[in-house]
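The values are calculated or read from the model by the stated rules, or taken from the named source; none is laboratory data. None of the values given here were measured: they were computed from a predicted structure. Neighbour counts run over all protein chains shown; Cβ positions are idealised from the backbone, glycine included.
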Ligand code: SAM
């Protein structure tokens, strides 16, 4: 029967392509990918001869009905992105919804993912975490997005934050984060799984200062520590004091 398999591919180190990923690609009638120039060599290396079809943000809505039709007549489709887990800051979410709505099977071959790899190497609390993906590229919208996250923290969110960032924007992004989140611990994970893998840990202002003077190269992930515990407000203090006193009273009864 037809259906969809989401297949994770390496984020830099070709050794991370799993045997099950290769088997899923071999068994697919069609491999959907972001960029055929990236995926064709991967398939060629593994001797996979499936038809390649491009699926990207610009054609996902238009192509999805035709892809679902292929699955309805029994074709097996695999979805890969240029790197890592499909759908994670990559195309495929709308296709997955359409496949679920059509009652067709969808499964995944999990594997490399830059966000989780950076998180576990950051030395920051692994859970709860919030994977944000990319921030808006322009200053104003980026600051607004960070302010929204800070507002969520003020309302009680305590999660390690994970952002994807482009090397030419990392210095400004870190500066904006330092402005909004203050001098918190953070980590910048670069070139994960590759020869020059590096995790730089420090406070947000320190990291911002570093990247302001050292041009960064390669792909990177920024991980930010959760909001520190806010000192309780006077009102909360009163509330707690009152509850403690009541509890003591009821104990005496
Ligand atoms: N789907 C991918 C995944 O599962 O990680 C992410 C795709 S997203 C379009 C690309 C971004 O992921 C890069 O800009 C960078 O932030 C991050 N990234 C991908 N590979 C990386 C690597 N080897 N080291 C550090 N960050 C990486």
Quick one: count up the residues across the stretch 1-25 that are in a helix (DSSP H, G or I), in contact with a strand residue (DSSP E or B) (Cβ under 7 Å, 6 or more places away or on another chain) and away from the ligand (no atom under 16 Å from the Cβ).
3
Does the stretch 66-83 contain at least one residue that is surrounded by 12 or more Cβ atoms within 10 Å (Cβ to Cβ) and free of Cβ contacts under 8 Å to residues at least 24 places away in the same chain?
yes
Out of all the residues in the stretch 201-218, is one or more at pLDDT 95 or above, within 16 Å of the ligand (Cβ to nearest atom), surrounded by 11 or more Cβ atoms within 10 Å (Cβ to Cβ) and closer than 22 Å to residue 89 by Cα?
no
Among the residues of the stretch 49-59, which ones are modelled with pLDDT under 95 and touching a helix residue (DSSP H, G or I) at 6+ places or on another chain (Cβ under 9 Å)?
49, 50
Would you check which residues across the stretch 182-196 are more than 24 Å from residue 151 (Cβ to Cβ) and either free of Cβ contacts under 8 Å to residues at least 40 places away in the same chain or out of contact with any strand residue (DSSP E or B) (no Cβ under 9 Å at 6 or more places or on another chain) (or both) and list them?
188, 190, 193, 194, 195, 196
Going through the stretch 78-102 in order, the residues found to be within 16 Å of the ligand (Cβ to nearest atom) and part of a loop (DSSP other than H, G, I, E, B) are 80, 81, 82, 83, 85, 86, 87, 88, 89, 90, 91, 92
Do we find a residue being assigned to a loop (DSSP other than H, G, I, E, B), within 29 Å of residue 134 (Cα to Cα) and at pLDDT 95 or above anywhere in the stretch 60-77?
no
Per the filter on the stretch 168-189, residues within 13 Å of the ligand (Cβ to nearest atom) and either assigned to a helix (DSSP H, G or I) or surrounded by fewer than 20 Cβ atoms within 10 Å (Cβ to Cβ) (or both) are 168, 169, 170, 173
Unmet requirement for residue 112, which otherwise passes all of (1) more than 18 Å from residue 55 (Cα to Cα); (2) within 16 Å of the ligand (Cβ to nearest atom); (3) free of Cβ contacts under 8 Å to residues at least 24 places away in the same chain:
(3)
Which one of these does residue 222 not meet: (1) surrounded by fewer than 17 Cβ atoms within 10 Å (Cβ to Cβ); (2) at pLDDT 95 or above; (3) in contact with a helix residue (DSSP H, G or I) (Cβ under 8 Å, 6 or more places away or on another chain)?
(1)
Condition check for residue 156: away from the ligand (no atom under 12 Å from the Cβ), modelled with pLDDT of 95 or more and in a loop (DSSP other than H, G, I, E, B):
yes
